[in-house]
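Asker: Okay, handing you the structure first.
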Amino acid sequence: MMQTHANYSRPFPDHWFPALARLCRETAQNIQTIGQANLSLTEEEKQDINEYFQAEDYNVALISEEITGGSADLVGGWLYTINNLLDGPFVSPVTIAPIARAAIETSAQIAYLNAFEPTERCFWAMRAVTDKIHYEKQRDLVPGVFPRLKEATKIHTDRHRGTNFEFPSNTALVRETLKVLGGYRMYKETSAYTHQHAWTAYKHSNYVMHNPLPLELRTIRFVLDALAAADYAARSFVNYRDTTKTAAAYSNLDILLGIRKAVHDEFVGWMAENNVAPAP
């Protein structure tokens, strides 16, 4: 547990951290439920996708499901982890930022892929996988996957010569896909507390001993950002899931949205009233 000034006690409402912990747990549960729910595509639609990519034997039509569903599971796992970190007398943003950033990045990837129609969604999912396999030099980790997916993506790029098919960087992915949520700000702020950064370390050491409050306010901001991104990603599945399997989860998300908005509004109002702000 990170220590702070011995005399520090939270001046803001006691219910904020328990409410955020609940939001993390229940948002995690619902995005995982949605991610694992039955695909709404028909067998005929899946066959059309496989035929388009000339990959009936490999069934590439399901790759987008494996990527988005697996990614939803990751986001849920990170939210559960944040929940576990919120139980303490002082919660520094340096413990939350790397996990929040991972949740935000992956939520953006889910929403990005789910914005495409089925064939394009399949292509971009394969592109995301092959780019990472190549970057991480892990072609042999699952033998046969990389060359088969490369062949399938080449079918698409050959039919659309002159088009830019580079998968967006993490920065661009969050900035553009989560623009409505302030994605650029989210990514910039969580990155500042994630990377090895001398200035952040210096600021943090001073705040933690002399003025811890802005650090915890920054923590709250990071948690709210991760929750907003996860909610956005969960809702992006709406056209790719059997609605009978996800109706309860989406109803739960609507309830959680109301709770999150109430915490957010109280948080912003309290800071304005007390003339304080999150640590930069």
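The values are calculated or read from the model by the stated rules, or taken from the named source; none is laboratory data. All figures in this text were calculated on a predicted structure; none of them were measured in a lab. Cβ coordinates were reconstructed from backbone atoms using ideal geometry, including for glycine residues, and neighbour counts include every protein chain displayed.
Asker: Which count do you get for residues in segment 216-231 that are in contact with a Lys or Arg (Cβ under 9 Å, 6 or more places away or on another chain) and of a type in the set (A, V, I, L, M)?
Answerer: 4
Asker: Where residues in segment 177-193 are over 12 Å from ALA108 (Cα atoms) and crowded, with 20+ Cβ neighbours inside 10 Å, which of them is modelled with the lowest pLDDT?
Answerer: Only one residue tops the list, namely TYR193.
Asker: Under 6 Å by Cβ, and 6 or more places apart or on different chains, what pairs join a residue from segment 49-71 that is more than 12 Å from GLU151 (Cα to Cα) with one that is β-branched (Val, Ile, Thr) and surrounded by 19 or more Cβ atoms within 10 Å (Cβ to Cβ)?
Answerer: ALA61/ILE49; THR68/ILE110; SER71/THR106; SER71/ILE110
Asker: Quick check on my filter: what residues within segment 91-132 are charged (D, E, K, R) and over 8 Å from the mean Cα position of the chain (by Cα)?
Answerer: GLU117, GLU120, ARG121, ARG127, ASP131, LYS132
Asker: Assuming LEU173 fulfils every condition listed in (1) under 15 Å from SER92 (Cα atoms); (2) touching a helix residue (DSSP H, G or I) at 6+ places or on another chain (Cβ under 9 Å) apart from one, which condition is it?
Answerer: Condition not satisfied by LEU173: (1).
One line per residue, one yes/no per condition, for (1) closer than 30 Å to ASN38 by Cα; (2) among the polar types (S, T, N, Q); (3) within 22 Å of the chain's Cα centre (by Cα); (4) assigned to a helix (DSSP H, G or I):
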| position | (1), (2), (3), (4) |
| --- | --- |
| THR246 | yes, yes, yes, yes |
| ILE255 | yes, no, yes, yes |
| GLY258 | yes, no, yes, yes |
| TRP270 | no, no, no, yes |
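Here's the yes/no breakdown for (1) among the polar types (S, T, N, Q); (2) closer than 30 Å to THR33 by Cβ; (3) touching a residue at least 60 places away in the same chain (Cβ under 8 Å):
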site: LEU181; (1), (2), (3): no, yes, no
site: ALA198; (1), (2), (3): no, no, no
site: PRO212; (1), (2), (3): no, no, yes
site: VAL263; (1), (2), (3): no, yes, yes
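Asker: Let me ask something else about it. For segment 139-176, enumerate the residues that are at pLDDT 90 or above, among the polar types (S, T, N, Q) and within 26 Å of the chain's Cα centre (by Cα).
Answerer: Listed by number, the residues that qualify are THR153, SER169, ASN170, THR171.
Asker: Which residue pairs have Cβ atoms closer than 9 Å, lie 6 or more positions apart in sequence or on different chains, and pair a first residue in segment 121-147 that is hydroxyl-bearing (Ser, Thr, Tyr) with a second residue that is surrounded by 20 or more Cβ atoms within 10 Å (Cβ to Cβ) and part of a helix (DSSP H, G or I)?
Answerer: THR130/LEU149; THR130/THR153
Asker: Sticking with this structure for a sec: Contact list please: Cβ distance under 6 Å, first residue in segment 1-25 and within 23 Å of THR81 (Cα to Cα), second residue among the aliphatic types (A, V, I, L, M) and at pLDDT below 95, pairs at least six apart or on different chains.
Answerer: Sorted first by the residue in segment 1-25, then by its partner, the pairs are THR4/VAL208.
Asker: Being in a helix (DSSP H, G or I) and under 26 Å from THR81 (Cβ atoms) is true for just one of THR194, THR157, THR171. Which residue is that?
Answerer: THR171
Asker: Just name the residue that is surrounded by the fewest Cβ atoms within 10 Å (Cβ to Cβ) out of those in segment 152-170 that are in contact with a helix residue (DSSP H, G or I) (Cβ under 6 Å, 6 or more places away or on another chain) and not β-branched (Val, Ile, Thr).
Answerer: Taking the candidates together, the pick is PHE165.
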